[in-house]
Amino acid sequence: MSSNQVRPARPHTGVTEDGRRLAQVLTYTRRGSRMTARQSAAWERCRERWWIPDEAVDDPAFDVRSAFADPGAPLVVEIGSGVGEATAALAAARPSYNVLAVEVWQPGVAETFLRLEETGAENVRLLSIDAVWSTEHLLGERQVSELWTFFPDPWPKKRHHRRRLVNTSFARLAATRLVPGGVWRLATDWAEYAEQITSVLDAEPLLDSAYDGPAPRWAARPLTRFERRGIRAGREITDLTYRRTP
């Protein structure tokens with residue numbers, strides 16, 4: 001985006017000409033933002049260190065790479081980082097990469113701060129803006145080395161399926177943001193959603209499955225609360241790995 005252009009309004013901020021809030025179908029709902037005393041303290045202590053304020057992206061000159069100490073490092077994007085269990089561990093193990101974690105739930109962001117303090121990972125920035133909007137308007141084509149989507153909201157009720165993150169339009173958008181050979185790693189504990197994801201990504205010309213079917217579990221990925229919850233419920237965990245075509 002050139003410096004003389006203005007990005008479209010962030011979700012929840014756009015209004016019509018007569019002042020009404022724009023209706024939008026988002027991949028998430030705003031959960032409660034009430035934090036514990038420990039989380040509140042982490043928020044105040046760490047947000048300037050690891051968090052990109054929502055309003056920062058309203059500047060047409062904003063470049064997400066400039067938020068990192070090394071703007072030229074390969075970029076990893078995690079969508080729906082939750083409480084940061086995977087984020088903190090994986091980023092600490094990859095200090096030569098920048099990791100952008102997208103999470104709209106403020107208590108989850110605060111929990112991530114606590115985990116980042118424990119691991120000492122300085123190569124992480126958190127963004128609390130809708131992932132689809134952010135992918136389209138903040139990430140450039142062929143800019144992302146890896147995309148992680150671990151246990152996205154399955155929206156199990158049929159009437160809510162339109163809110164699912166992985167659909168045909170987002171698959172194309174995400175694929176354009178990956179560098180050639182870049183990897184999209186996914187995991188879900190909902191078999192029906194795994195089937196949908198596979199169908200959608202198999203049909204995307206810019207993506208090739210790295211395996212003939214589901215991928216083996218990525219050994220580097222920590223066992224998170226969402227995965228443990230699925231296992232306790234008796235649901236099978238499906239990992240998928242796709243690569244951007246040349």
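Quick note: the coordinates plus some simple rules give every number you see, no bench work behind them. Computed from a prediction, not measured in an experiment: that's the story for all the values here. Don't worry about glycine lacking a Cβ; one is built from the backbone with ideal geometry, like all the others, and counts go over all protein chains shown.
Structural remarks
- Each residue of the chain gets 145 Å³ once the volume of the Cα convex hull is shared out per residue.
- Convex hull volume of segment 146-246 per residue (C-alpha atoms, cubic angstrom): 97
- Neighbourhood net charge (15 Å Cβ-Cβ; Lys/Arg +1, Asp/Glu -1) for TRP218: -1
- Looking at segment 37-244 alone, DSSP beta bridges between its own residues are antiparallel in about 30 percent of cases.
- Placing +1 on the Cβ of every Lys and Arg and -1 on the Cβ of every Asp and Glu, with no other charges, gives segment 37-244 a dipole of roughly 600 debye about its Cα centre.
- Long hydrophobic helices in the chain, taken as whole DSSP H segments with a C-alpha length of 24 Å or more on their own axis and mean Kyte-Doolittle hydropathy at least -1.0, are absent.
- Net charge of the neighbourhood of ALA101, taken over other residues with C-beta under 12 Å away and scored Lys/Arg +1, Asp/Glu -1, is -2.
- Distance in nm between pseudo-label sites at ALA210 and ALA191 (7 Å out along the Cβ direction from Cα): 2.6
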